[in-house]
Amino acid sequence: MEAVPMRIDVPLARPTRRRVLAIAAAVAGVALLPRPVWSGVGRPGDGVPEDLAPVTWTGVALGAVASLRIHHPDRDVAERLVAASVAEMRRLEAVFSLYRDDSAVAELNRTGALVAPPPELVTLLARCDDVVRLTGGVFDPTVQPLWRCYADHFATNGPQAGPPPAAVLHEALERVGWDGLRHGRDRIAFARRGMALTLNGIAQGFVTDRVVALLRDAGLSHALVDMGEIRAIGDRPGRRPWRVAIEPAEGSDTATPRQVIDVVDRAVATSAAAGFRFDRAGRCNHLLDPRSGGCAGPTRRVTVTADDATTADALSTAFGLMDEPGIAAVLAACPGVARIA
């Protein structure tokens, strides 16, 4: 399970997180195409040119690079849809972000309880319940105290240090556990002092899905949305699939080619230990195991496709910490979900 910092000075570059790999894959995939998506009423050949210039937005969502490209025969409509999508992303960022002191999750972590929580937070925690059960607790958003433990350790000892001492990890693990989070429509609270929540292993997928829903409600049937995770609405002009490139894992032979997958009405998410590392070797990274307090292997990277970005995001996070039999069991229970790499 991954986590993100909360105003902790780690003696390394600022977190790039696993999403950098997902974004890089998305950009590379688009670069393979002569044109981005057309999104309007009807299909190519209905009077809408395939080379219609897109209205685009690029920015940051929940600490990761995000982008949106909309093609529409009416540029004013496209610009309004982009603005509405960005506004929705910003609204949800104020609920889930750990990079904002005023977010709902930040307030929960600061005070230990949240009365009358935002309905989106209640909904996402219910989704977390499902993934926690499905993965046997490997996916656990209460892992944030482990991040604090690692960040404090390396801030004190430098990037050359080994992992935190066993006793320190044990103390952090005492504050981790999904069973210690009480949540409902009226109140969310931690059962133990010092617990904290991170939804960065699932929230970007959730935000992506919300933006997709907004665009679908507006009548768009062809688009590619990237709000930290990638989700295609329909296919590309000419009834061709979107193509997304997955870069080789870090440490792969330089001759290893990128893997390119076709995506139609699907979501793609990548989780990689190389997204952020505390030490130079990457043995201590942001994919933190709530069972042991350890980290995923430094070259670990998993890509998952699913019908929705929330599922792809959460399972790519969990699969980064699971063995092959465990992954196979989850996939058997989830028709429509696939591990790509």
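The values are calculated or read from the model by the stated rules, or taken from the named source; none is laboratory data. Not measured: the values here are computed from a predicted model. Cβ placement follows ideal geometry from the backbone for every residue including glycine, while neighbour counts extend to all protein chains displayed. In case anyone asks, the SASA skips ligands and DNA or RNA and just uses the protein heavy atoms, side chains included. Shrake-Rupley method; radii C 1.70, N 1.55, O 1.52, S 1.80 Å.
Values as computed for the structure displayed
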| quantity | calculated |
| --- | --- |
| Computed E for residue 299/residue 340 - FRET, C-beta separation, R0 22 angstrom, nearest 0.05 | 0.85 |
| Accessible-area ranking of 323, 217, largest first, probe 1.4 Å | 217, 323 |
| Neighbourhood net charge (9 Å Cβ-Cβ; Lys/Arg +1, Asp/Glu -1) for residue 312 | -2 |
| Surface accessible to a 1.4 Å probe, residue 91 within the full protein complex, Å² | 100 |
| Length added when fully stretched, residue 187-residue 129, from 0.36 nm per residue minus Cα-Cα | 19.3 nm |
| Prolate/oblate/rounded label for region 221-341 (Cα gyration tensor, a/c 1.5) | prolate |
| Cα gyration tensor category, rounded, prolate or oblate, for region 286-341 with a/c compared to 1.5 | prolate |
| Label-point separation in nm, residue 77 to residue 100, each point 7 Å along Cα→Cβ | 3.0 |
| Neighbourhood net charge (12 Å Cβ-Cβ; Lys/Arg +1, Asp/Glu -1) for residue 92 | 0 |
| For region 157-163, 3J(HN,Hα) per residue [Karplus equation, 6.51 cos²θ - 1.76 cosθ + 1.60, θ = phi - 60°, Hz, x = Gly/Pro] | 9, x, x, 7, 6, x, x |
| Full-extension gain in nm, residue 171 to residue 91, via 0.36 nm per residue minus C-alpha separation | 25.3 nm |
| Residue-count net charge about residue 260 - beta-carbon cut-off 11 Å; Lys, Arg +1, Asp, Glu -1 | 0 |
| Using θ = phi - 60° and Karplus 6.51 cos²θ - 1.76 cosθ + 1.60, couplings along region 140-154 (whole Hz; Gly, Pro as x) | 8, x, 8, 6, 3, x, 5, 4, 4, 4, 5, 5, 5, 4, 6 |
| Dipole in debye (nearest 20) - region 91-178, about Cα centre, beta carbon charges: Lys, Arg +1; Asp, Glu -1 | 60 |
| Using θ = phi - 60° and Karplus 6.51 cos²θ - 1.76 cosθ + 1.60, couplings along region 225-232 (whole Hz; Gly, Pro as x) | 10, 9, 10, x, 10, 9, 9, 8 |
| Cα gyration tensor, region 116-258 - rounded (a/c under 1.5), prolate or oblate | oblate |
| Modelled FRET efficiency - R0 35 Å, residue 218 with residue 161, Cβ distances, 0.05 increments | 0.10 |
| Largest to smallest accessible area among 292, 85 [probe 1.4 Å] | 292, 85 |
| Full-stretch length increase - residue 259, residue 115 - with 0.36 nm per residue and alpha-carbon distance subtracted | 47.2 nm |
